[in-house]
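Novice: Handing you this structure, nothing more for now.
The values are calculated or read from the model by the stated rules, or taken from the named source; none is laboratory data. Bear in mind the structure is a predicted one, so any value in this text is a computation, not a measurement. We place every Cβ from the backbone using ideal geometry, glycine too, and count neighbours over all the protein chains shown.
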Amino acid sequence: MAQKGQARVAVVTDSAACLPRELVECYGIHVVPFELVWEGRSYRDGVDITSSEFYRRLERSVVHPTTTQPALGTFIQLYARLAQEAEGIVSIHVPEKLSNTVRAARMAAEQFASIPVEVIDARTAATAEGFIVLAAARVAAMGAPLEEVAASARACIPRVGLYATLRTLEYLRRGGRIGQAAALLGTRLHVCPVLYLADEQVRVAGVTRSRWRAKERILDLLASRVGDAPIRASVFHAAVPDEAAEMAEQVQSRFHCLEFFISEFTPVMGAHTGPGTIGVAFCLEEAG
């Protein structure tokens, strides 16, 4: 049972949410890492290898790393530990169409009769997923029961989104998650696509001829989506901190941000998108 002052409900997510460590620690969020397999060795995402180490090595390596979802046993072990200290668990993960993580979490949840476990498909990734997790964690921190924590996460799903541009589509192609952007692979023109997630798939929001225009397009798309409404926002990036800082200034000056932070892609996320990825994730504040 939860002790006085503790959340009654434990909130779990995966490392694809790319939440900054300070927010994870502040709200007591439990992060299950994906695994990176590289040259015969496995690394827990963001645990055994940091983002900076990963991107430095990726530039020199001729071997492309692969990724694997968190193992069923990892979820079982975590849920068993949390069952000793919480009254319920809300577990929020990347879309089932992109990963079998949700399936593994559901299989693990079936092993526990002593504690209720709500497994939620976030239908998105990166810090858009992170905002859903934060919504649940903030309600949990107020001592809310399982039903309210899960409901807050589900209510947040239609209010989040993200837009991003990549230096190359090659990493998405290698990982088999390229979706609608596959149509751009055969072009001879140098293009900088703007991508987003919809229906749990990568889709193309626009195509530009320069990286600068792609970043401008991201901000324009965000403006058309949220207008003057209050939002929570995050600039995410893969090994381009200076560009991220510049975009962060633009987002904060142009939009009504109730919350803002910069997030660097974890090694596993970077393995799927490649270095140079940059974008914005948002969560529209609930009316009322």
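Novice: State whether the residues of segment 47-57 include one that is surrounded by fewer than 17 Cβ atoms within 10 Å (Cβ to Cβ), more than 19 Å from Glu264 (Cβ to Cβ) and either assigned by TED's automatic domain parsing to the domain that holds Ala233 or modelled with pLDDT under 95 (or both).
Specialist: No, every residue in segment 47-57 fails to be surrounded by fewer than 17 Cβ atoms within 10 Å (Cβ to Cβ), more than 19 Å from Glu264 (Cβ to Cβ) and either assigned by TED's automatic domain parsing to the domain that holds Ala233 or modelled with pLDDT under 95 (or both).
Novice: Out of all the residues in segment 240-288, which are touching a Leu at 6+ places or on another chain (Cβ under 9 Å), in a helix (DSSP H, G or I) and under 13 Å from Lys215 (Cβ atoms)?
Specialist: Selection gives Met247, Gln250, Val251, Arg254.
Novice: Let me ask something else about it. Can you pull out the residues in segment 89-107 that are modelled with pLDDT of 95 or more, surrounded by fewer than 24 Cβ atoms within 10 Å (Cβ to Cβ) and in contact with a helix residue (DSSP H, G or I) (Cβ under 7 Å, 6 or more places away or on another chain)?
Specialist: Those that are modelled with pLDDT of 95 or more, surrounded by fewer than 24 Cβ atoms within 10 Å (Cβ to Cβ) and in contact with a helix residue (DSSP H, G or I) (Cβ under 7 Å, 6 or more places away or on another chain): Ala104, Met107.
Novice: Residue by residue through segment 197-232, note down the ones that are of a type in the set (Ser, Thr, Tyr) and surrounded by fewer than 17 Cβ atoms within 10 Å (Cβ to Cβ).
Specialist: Ser210, Ser224
Novice: Out of Leu58, Leu78, report the one residue that is in a helix (DSSP H, G or I) and in contact with a strand residue (DSSP E or B) (Cβ under 7 Å, 6 or more places away or on another chain).
Specialist: None of the others qualify; the one that does is Leu78.
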